[in-house]
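S.K.: Here it is, the structure, as structure tokens.
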Amino acid sequence: MEMDVRGSTPAEIETNSVSLQHGRSKCNILHQFTQQNLPACKPVLSPPWVISIFFVVGVIFIPVGIVSLHASQSVVEIVYRYDAECVPESFRSNKLAYIKDDSIPKNCSKSLKIPNHMKAPIYIYYQLDNYYQNHRRYVKSRNDKQLLHGLKYQDTSSCAPEDNDHGLPIVPCGLIAWSLFNDTYTFSRGINHELKVNRKGIAWKSDRDHKFGKQVYPFNFQNGTLIGGATLDPNVPLSDQEDLIVWMRMSALPTFRKLYGKIEEDLDADDIISVEVLNNYNTYSFSGSKKLVLSTATWLGGRNNFLGLAYISIGASFLFIALIFLLLHIKNPSVHMVIQLTYPGIGSPCLIEGIVYPLLYALVKNSLLA
């Protein structure tokens, strides 16, 4: 490229020269980038480096796994399955008839022994098994805009068949809200000491503030001929109905737990607590099961041994691989050598420099000359 400098002042010539150099520099960088010629760090993974990396990762992972496993094991957890035990003896062979008959009392009681000291807060969960909340038709049966704006949003076709009843819209609409879990639990210790269950603060703050309207109230909910689950207080906005908010957050697996509430006082070892269960929710029609879970929590959360075992397993595997590599390196040490090859028709030789095992030298040379 040539520049026409006739009739130009020295300042203009200097400016044009700088602009041309800048343009060439940008083109050169772009060319280097597209051709993968930019300067880069290309470490040589020699055997000592590889062995050291595997060894360091193993040494770090195993203690982390032990600490995580210890935290998980320190969680005190009580699991009580009550769906079969709460069915009267005469209905054990026909549980579906029992749960559908409203004239039959659904309450039952159970005494639970505390195995170890449980420090507050004690989290109460209900666990459902064989319940596929991730079913595509079930997941789509909701309307997030209606949950946020209420009756102002009219298009609720995605909620069918629970979108309207007797010509009036349903708030909240859809099968998810319609099937809201409706078993209840009350706890007592001793003769007259009732354990209060705090059902506030169990839902995510982001859900309460941004997904459920503060001025949206239940309307025409569970007024049809077929009642699915729990009812909602029409005088309480959806943002304060935390049991609904917890239920509306879908689970990815058929076995899941959802937070019911919290007991905010300590329970001592060997304490006997009485649990009164109102067994309303129908899991018998799809061979599901219901469990009540009492659990403490640590800095890592609830009981879950998988994370600790995974860290320990990976760390042990890395240490084992490092040991194998070390033995192979001692038996067949690598050396730094230069391979000089001359191709027919090329005047200058081709140099290959790096870490090569002596036993592989002949194979490398023969393959390159082939």
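S.K.: Name the residues in region 294-340 that are touching a strand residue (DSSP E or B) at 6+ places or on another chain (Cβ under 8 Å), outside any loop (DSSP other than H, G, I, E, B) and either farther than 22 Å from I122 by Cα or modelled with pLDDT under 95 (or both), would you?
M.R.: Correct list: V335, H336, M337, V338, I339, Q340.
S.K.: So for region 216-234 (the condition being modelled with pLDDT under 95, at positive phi and in contact with a Lys or Arg (Cβ under 7 Å, 6 or more places away or on another chain)), does at least one residue qualify?
M.R.: Looking for residues that are modelled with pLDDT under 95, at positive phi and in contact with a Lys or Arg (Cβ under 7 Å, 6 or more places away or on another chain), one finds none in region 216-234, hence no.
S.K.: If you check K214, K196, K262, K200, which single one turns out to be open to solvent by 30 Å² or more (accessible area, probe 1.4 Å) and more than 27 Å from N282 (Cα to Cα)?
M.R.: Of K214, K196, K262, K200, the one residue that is open to solvent by 30 Å² or more (accessible area, probe 1.4 Å) and more than 27 Å from N282 (Cα to Cα) is K214.
S.K.: What pairs can you find where one residue is in region 19-46 and within 30 Å of I330 (Cα to Cα) and in a loop (DSSP other than H, G, I, E, B), the other is of a type outside the set (S, T, N, Q) and modelled with pLDDT of 60 or more, and their Cβ atoms are less than 9 Å apart, with a gap of 6+ or different chains?
M.R.: P43/W49; L45/I53
S.K.: Shifting gears a bit: Counting only residues that are in contact with a Ser or Thr (Cβ under 7 Å, 6 or more places away or on another chain) and open to solvent by 20 Å² or more (accessible area, probe 1.4 Å), which one in region 222-240 is nearest to L148 (Cα to Cα)?
M.R.: Out of the qualifying residues, it is Q222.
S.K.: On to the next question. Does region 304-331 hold any residues that are surrounded by 14 or more Cβ atoms within 10 Å (Cβ to Cβ), closer than 12 Å to L69 by Cα and out of contact with any His (no Cβ under 9 Å at 6 or more places or on another chain), and which are they?
M.R.: N304, L307, L309, A310, Y311, I312
S.K.: Okay, next question. For region 292-303, which residues satisfy the criterion of being open to solvent by 60 Å² or more (accessible area, probe 1.4 Å) and of a type in the set (V, I, T)?
M.R.: none
S.K.: Do you know which residues across region 270-288 are open to solvent by 50 Å² or more (accessible area, probe 1.4 Å) and over 17 Å from N94 (Cβ atoms)?
M.R.: Matches in region 270-288: D270, I272, E276, L278, N280.
S.K.: Further question: In region 162-181, how many residues are surrounded by fewer than 19 Cβ atoms within 10 Å (Cβ to Cβ) and closer than 18 Å to N280 by Cβ?
M.R.: Final tally of qualifying residues: 1.
S.K.: Another one. Under 7 Å by Cβ, and 6 or more places apart or on different chains, what pairs join a residue from region 228-242 that is in contact (Cβ under 8 Å) with a residue 24 or more places away in the chain with one that is open to solvent by 40 Å² or more (accessible area, probe 1.4 Å) and assigned to a helix (DSSP H, G or I)?
M.R.: G228/W178; G229/W178; S239/R208
S.K.: Also, I was wondering about something else. Specify which of the listed residues (S109, S103) is hydroxyl-bearing (S, T, Y), open to solvent by 90 Å² or more (accessible area, probe 1.4 Å) and within 30 Å of S287 (Cβ to Cβ).
M.R.: S103
S.K.: Further question: If you take just the strands (runs of 3 or more DSSP E) that sit entirely in region 57-168, which of them hold at least 3 residues that are β-branched (V, I, T), within 24 Å of L259 (Cα to Cα) and within 23 Å of the chain's Cα centre (by Cα)?
M.R.: Qualifying strands (runs of 3 or more DSSP E): none found.
The values are calculated or read from the model by the stated rules, or taken from the named source; none is laboratory data. All figures in this text were calculated on a predicted structure; none of them were measured in a lab. Virtual Cβ from ideal backbone geometry, glycine too; neighbours counted across all protein chains shown. Side chains are part of the model used for accessible areas, which takes the heavy atoms of the whole protein and leaves out ligands, DNA and RNA. Shrake-Rupley method; radii C 1.70, N 1.55, O 1.52, S 1.80 Å.
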